[in-house]
Amino acid sequence: MDTSHRTWAEPWKIKMVEPIRMTSRGERETAITEAGYNTFLLKADDVYIDLLTDSGTSAMSDRQWSALMLGDESYAGSKSFYKLVDAVHEVYGYEELIPTHQGRGAEHILSQILISDGDVVPGNMYFTTTRYHQERAGGRFVDVIIDEAHDPHSLHPFKGNIDMAKLRSVVDEYGAERVPYVSFETNVNMAGGQPVSMANLREVYEYCQPLGVLVMLDATRAAENAYFIQQREYGYQDRPISQILREMTSFSDGATVSSKKDNLVNIGGFLAVRDPKLARQARAMLVAFEGLHTYGGMSGRDMEALAVGIREMVDTDDHIRCRVGQVEYLGDALIKAGVPVIRPIGGHGVFLDAATILEHLPQDRFPAQALTAAIYVDSGVRGMERGIVSAGRDPETGENRHPGLELVRLTIPRRVYTQSHMDVTAESVIRVHERRESIGGLKFAYEPDTLRFFQARFEPVA
Ligand code: F0G
């Protein structure tokens, strides 16, 4: 199709709408106080534009909704399972499918079957649930992402890349037998939705293979990563996203996927591998923790909608182009207004550099948490903290980890909001940025032991 005459305009039209509520500033002040200044604890009804996450918040297509009716709810051997196996095989290239209720279910199983006490798992920046499962299985996560990923000002086109020297030094120090796999995330979430290059995927795989170290992708946002490869890496400009994605996964032994993102469904996920022996071990865990091997954690209808979603994700490049285009539209509006954001703009959201915006607050006063709350109070736009609160405590020392990035994430759900919603969001962030000096810090009122950001409560520091 000739797309030269338009920008990122949507390749769909709206068939059904869901009303959302506009609230007063007073109502929002009460709501955020009751929520302990944690946007995870707000009621959705008190939110106007919900940019908490792109996870499970996508709008399904008419084809996906009609696929729900075809769900085969047989306990064993459901037709819907085999459609999902075909879709994953065709789009990602993996033969063995282990369906789970969502991404962390797949991370749990993978960690339990591959990691032994004392093992080391190198990866390109942590993700909260991924690292939690690796540690729970007795492993230690070691960050081997390139330094540029921690620098909000670096314009490196592939800030998700693994630093080969860092990876080699981990393997040299502990020995390949203590490194079960490399945890390789595509479009790295915590770095700001930053991609990895095909060259880096290839180099990591070629290094690991002879050592017997597996490469397991977190392919949750791999299609968005494929789009950036098409836009930025030499030789891929004329290749469709579907082909680029298949080439990316060819440099791996398997993947965990949260289907709540790229895959355009509201719930679901999977582990996919090539090795039938590994798949057998995974299925033994699956039947204990998720469900029988032909549904895992999903109903038949969920598997139907997922099979359609996986194909829609790569059917035409227009979908991803529009999806990332909308994110860039919001990011560009903020850059133009001088608001410090992570650049380049990532695939699934715009990440505000809270450390710079609230430079009067030390990291232990939770600047990103405070900025997230201030934006909510201003306009009802709900974002999420991705900084010191999300990073949690070191399990060995009990001390707070101090991540290099202290961010507010404004995550854009797929096919849900319009350009005017992005304008409202930009106006609010710019307004809050202008009066940033009036924003005070926070302290814990309640700190959970694990994955604390989800349920922690805070109060203002006088
Ligand atoms: N891996 C990545 C890169 C993720 O972003 C997520 C979830 C998961 C794994 C876990 O998947 O939620 O299906 O269990 N990210 C969500 C987010 C929660 O808001 O970024 P899940």
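A short reminder: the numbers here are calculations on the coordinates, not readings from a lab. In this text, all values refer to a predicted model and were calculated from it rather than measured experimentally. FYI the Cβ positions are ideal-geometry reconstructions off the backbone, even for glycines, and counts take in every protein chain you see.
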For every other residue with a beta carbon closer than 15 angstrom to the beta carbon of residue 258, add +1 if it is Lys or Arg and -1 if Asp or Glu, then tell me the sum.
-2
Relative contact order as a percentage, the chain, C-alpha pairs under 8 Å and 6+ apart, gives 23
By the scheme Lys and Arg +1, Asp and Glu -1, what is the net charge of all other residues having a beta-carbon under 9 Å from that of residue 445?
0
May I ask for the equivalent-ellipsoid semi-axes of region 259-304, computed as the square root of five times each C-alpha gyration tensor eigenvalue and listed largest first in whole Å?
20, 13, 8
For the chain, whose charge dipole is built from +1 on Lys and Arg Cβ atoms and -1 on Asp and Glu Cβ atoms, the candidate among 417, 35, 388 with its Cα farthest towards the positive end is 417
Specify which residue in the list 109, 64, 169 is farthest towards the positive end of the charge dipole of the chain, using unit charges on the beta carbon of Lys, Arg (+1) and Asp, Glu (-1), about the Cα centre.
64
Kindly put 133, 421, 89 in sequence by how many other C-beta atoms sit within 10 Å of each C-beta, fewest to most.
89, 421, 133
Vicinal HN-Hα couplings computed from phi for region 412-418 (Karplus, 6.51 cos²θ - 1.76 cosθ + 1.60; Hz; Gly/Pro x):
9, x, 7, 6, 10, 9, 9
Efficiency by 1/(1 + (r/R0)^6): what FRET value for residue 68 and residue 423, r their Cβ-Cβ distance, R0 = 41 Å, to the nearest 0.05?
0.75
Put in order of increasing Cβ neighbours within 10 Å, starting from the fewest, 423, 143 give 423, 143
Mind scanning 159/261; 13/261; 43/159; 15/261; 166/260 and naming the pairs with a C-alpha gap bigger than 23 Å?
43/159; 166/260
Under 5 Å between amide hydrogens, which residues at least 5 positions from residue 443 or on another chain qualify, with H placed 1.01 Å from N in the peptide plane?
459, 461
Output the relative contact order of region 62-315, whole-number percent, from Cα pairs under 8 angstrom with separation of 6+ residues.
32
Distance in nm between label sites at residue 18 and residue 364, each 7 Å beyond Cα in the beta-carbon direction?
4.1
Just for the chain, what percent of DSSP beta bridges are antiparallel, to the closest 5?
65
Could you give each residue of region 294-303 its phi-based ³J(HN,Hα) in whole Hz, using Karplus coefficients 6.51, -1.76, 1.60 with θ = phi - 60°, and x for Gly or Pro?
9, 9, x, x, 10, 7, x, 5, 5, 5
Ranked on Cβ counts within 10 Å of their own Cβ, fewest leading, 310, 345 go 345, 310
In Å, what Rg and Dmax follow from the Cα atoms of the chain?
21.3, 62
How long is the gain from residue 165 to residue 30 if the chain were fully straight, where each residue apart is worth 0.36 nm and the alpha carbon distance is subtracted?
43.5 nm
What is region 62-315 by shape, rounded, prolate or oblate, if you read a ≥ b ≥ c off the alpha carbon gyration tensor as root eigenvalues and call it rounded for a/c under 1.5, prolate for a/b larger than b/c, and oblate otherwise?
oblate
Apply the Karplus parameterisation 6.51 cos²θ - 1.76 cosθ + 1.60, with θ equal to phi minus 60°, to every residue of region 359-374 and state each ³J(HN,Hα) to the nearest whole Hz, in sequence, with x for glycine and proline.
5, 6, 9, x, 4, 6, 9, 6, x, 5, 4, 5, 5, 4, 5, 5
If you restrict to DSSP beta bridges whose two residues both lie in region 62-315, what percentage is antiparallel, to the nearest 5?
50
Can you give the local net charge around residue 171? Use residues other than it whose beta-carbon is closer than 15 angstrom to its beta-carbon, Lys and Arg +1, Asp and Glu -1.
-4
So residue 438 and residue 335, fully extended at 0.36 nm per residue minus their Cα-Cα distance, gain in nm 34.9 nm
Mean separation of Cα contacts under 8 Å (at least 6 apart) over the residue count of region 1-98, i.e. the relative contact order in percent, is 15
Quick calc of log₁₀ I(q)/I(0), region 12-141, Debye, one scatterer on every Cα, no solvent, q values 0.15 1/Å, result -1.06
Expressed in nanometres to one decimal, the distance between label points 7 Å along Cα→Cβ at residue 174 and residue 275 is 1.7
